[in-house]
Amino acid sequence: MPPLVIDIRNAEDARDVVHRAVQALAEGQLVALPTETVYGLAASACRADAVDRLVRAKGRPTGQPFALAIKSADEAADFVPDLSPLARRLARRCWPGPVTLVVDNQHKDGLTEQLPKRVRELVVPNGTIGLRVPANEMSQDVLRMMTGPIVLTSANRSGSPDSVTAEEVVREVGDEVAIVLDDGPCRYGQPSSVVRIKDNHFEVLREGVVGEATLRRLANVIVLFVCTGNTCRSPMAELLMRAKLAECVGCSLDDLEEHGVVVMSAGVAAAPGCPPSSEAVAVMREYDLDLSRHEAQPLTDQLVRHADLVLTMTHSHMQSIVERWPSAVDRTRVLMPDRADVCDPIGQPIGAYRHCAAQIIEGVKHHASQLKHELYQASKTNRL
């Protein structure tokens, strides 16, 4: 029986399409979902019969595990509670997106243990699990409506070319699928990159959309300083932290990123491109550091999502961040170890800037010491 093909680009009610797909999955049927890479063949991970149906439709040889599609990077820790710092970084920065992360899954408290035994055999056959958050609005809506994850694989017979249009899905596996959600040709038209992570190392098992060089940049530890205008306090902190961390890993400021560390700054009310205050430039020159080329940038969703540690100049800055980005609460701190605010020197004599820099140095030393082990591991990150 041919599948129901729904052109979601011209659907009158997108919510109805989502509900129909979710109902079909909940009933144990297979649904072809669009992703940014290739079309995926989906089954509810809560139904062993559906996943067995997926195995038959795919014709995949025994022993090749299926990946789980989940709602978000935050949900990954529910399935694998002991994710390594590197895995957490890549999940935050790559998802939603064309990367499948393969991680160890030995924790008995993870949600994977609640899946049917047959499903666990197919998604965790050797102690590892592949996780993916596809970057397609319709697929994300379906995932959000599901009570559990989805077992997801490319919508083609094993050994056949990937399906990048709904028409190709119908030709390949149409007789096995209840619904095909047609969102036109996939954006990339090639599979996701599959990355195996173990401790602080990664190996590209399949190089797809995202290359190894990009993954290496995404694996860096990112420290983000935040103030108001990003013209004095946070850029001074950025430069002083870069100098301290370069000392920690034994490299020059210019080579810090090559050692796995990136330091940035932004302002909650910054005007893009605004130059640093002349007093801040002068004070940094006293430390043999050049702040003259800095340009202010506003705080953005991406900066907060990518940062491993967000250090704010005041409690007010921290509060504004965690209110807007609640998921960043565990990664956000005030700079000073005694939790005092670093006062804004704008409009005051240069002595106020010197006092501000001295305060910042105290906070930088404290956090650099706390980061030392992770920075050492990041500097050693390489392929398995």
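Among Val55, Val38, Val151, which comes first, second and so on when ranked by fewest other beta-carbon atoms within 10 Å?
Val55, Val38, Val151
Mind checking the dipole of the chain: about its Cα centre, +1 per Lys or Arg Cβ, -1 per Asp or Glu Cβ, Debye to the nearest 20?
The dipole of the chain has a size of about 700 debye.
Under a Cβ-only charge scheme (Lys and Arg +1, Asp and Glu -1), can you give me the dipole magnitude of the range 217-297 about the Cα centre, in debye to the nearest 20?
In debye, rounded to 20, the range 217-297 gives about 260.
By how many nm would the segment from Glu121 to Ala77 lengthen if fully extended, with 0.36 nm per residue of separation less the alpha-carbon distance?
13.8 nm
Apply the Karplus curve 6.51 cos²θ - 1.76 cosθ + 1.60, θ = phi - 60°, to the phi angles in the range 196-205 and return the couplings in whole Hz, x for Gly and Pro.
3J(HN,Hα) across the range 196-205, in whole Hz: 8, 10, 9, 6, 10, 10, 9, 9, 7, 7.
Suppose a student asked you for the relative contact order of the chain, using Cα pairs under 8 Å spaced at least 6 residues apart; what percent would you report?
Contact order relative to length: 18 percent.
Using per-residue counts of other Cβ atoms within 10 Å, averaged over each peptide, order 310-318, 351-359, 290-298 from highest down.
Top to bottom by mean Cβ count within 10 Å: 310-318, 351-359, 290-298.
Over the range 220-379, what is the relative contact order in whole percent, taking alpha-carbon pairs under 8 Å and six or more residues apart?
30
May I ask you to compute the full-extension gain from Arg324 to Lys108, defined as 0.36 nm times their residue separation minus their alpha-carbon distance, rounded to one decimal in nm?
74.4 nm
Comparing Pro185, Pro61, Pro149, which has the greatest mean-square fluctuation in the GNM of the chain with Cα pairs linked when under 10 Å apart?
Pro61
Going by amide H atoms built from the backbone, whose H comes under 5 Å of the H on Asp182, apart from near neighbours?
It is Ile6, Asp7, Ile8, by chain and number.
Which FRET efficiency value, to the nearest 0.05, is calculated for Ala282 and Gln302 with the Förster distance at 25 angstrom and r the Cβ-Cβ distance?
According to the calculation, E is roughly 0.20.
Could you give the dipole magnitude of the range 220-379 about its Cα centre, charging the beta-carbon of Lys and Arg +1 and that of Asp and Glu -1, in debye to the nearest 20?
Here the size comes out at about 300 debye.
Normalised by the number of residues in the range 180-265, what is the relative contact order in percent for Cα pairs under 8 Å and 6+ residues apart?
Computed value for the range 180-265: 25 percent relative contact order.
Run the helix sum for the chain: -39,500 (n - 2.57) per DSSP H stretch of 4+ residues, divided by residue count, reported at 222 nm to the nearest 500 deg cm²/dmol.
Counting only the DSSP helices, I get -11500 deg cm²/dmol.
I want to verify a result. In a Gaussian network model of the chain, Cα cutoff 10 Å, which of these has the top mean-square fluctuation: Asp255, Asp183, Asp49?
With Cα springs under 10 Å in the chain, the top fluctuation among Asp255, Asp183, Asp49 is at Asp255.
Fewest Cβ neighbours within 10 Å first, please rank Trp325, Trp95 accordingly.
Trp325, Trp95
Shape verdict for the chain, please, from the Cα gyration tensor: rounded (a/c under 1.5), prolate (a/b greater than b/c) or oblate.
Verdict is prolate for the chain.
Can you sort Ser139, Ser234, Ser327, Ser252 by how many other beta carbons sit within 10 Å, fewest first?
Listed from fewest to most nearby Cβ atoms, that is Ser252, Ser327, Ser139, Ser234.
Toward the positive end of the charge dipole of the chain, about the Cα centre and with charges on Cβ (Lys, Arg +1; Asp, Glu -1), which of His355, Cys232, Cys251 goes farthest?
Comparing the listed Cα positions along the dipole, Cys251 ranks first.
No lab work stands behind these numbers, since they all come straight from the coordinates. Predicted model, so just to flag it, every value in this text is computed and none were measured. Positions of Cβ are generated from backbone atoms using ideal geometry, with glycine treated the same way; all protein chains shown enter the neighbour counts.
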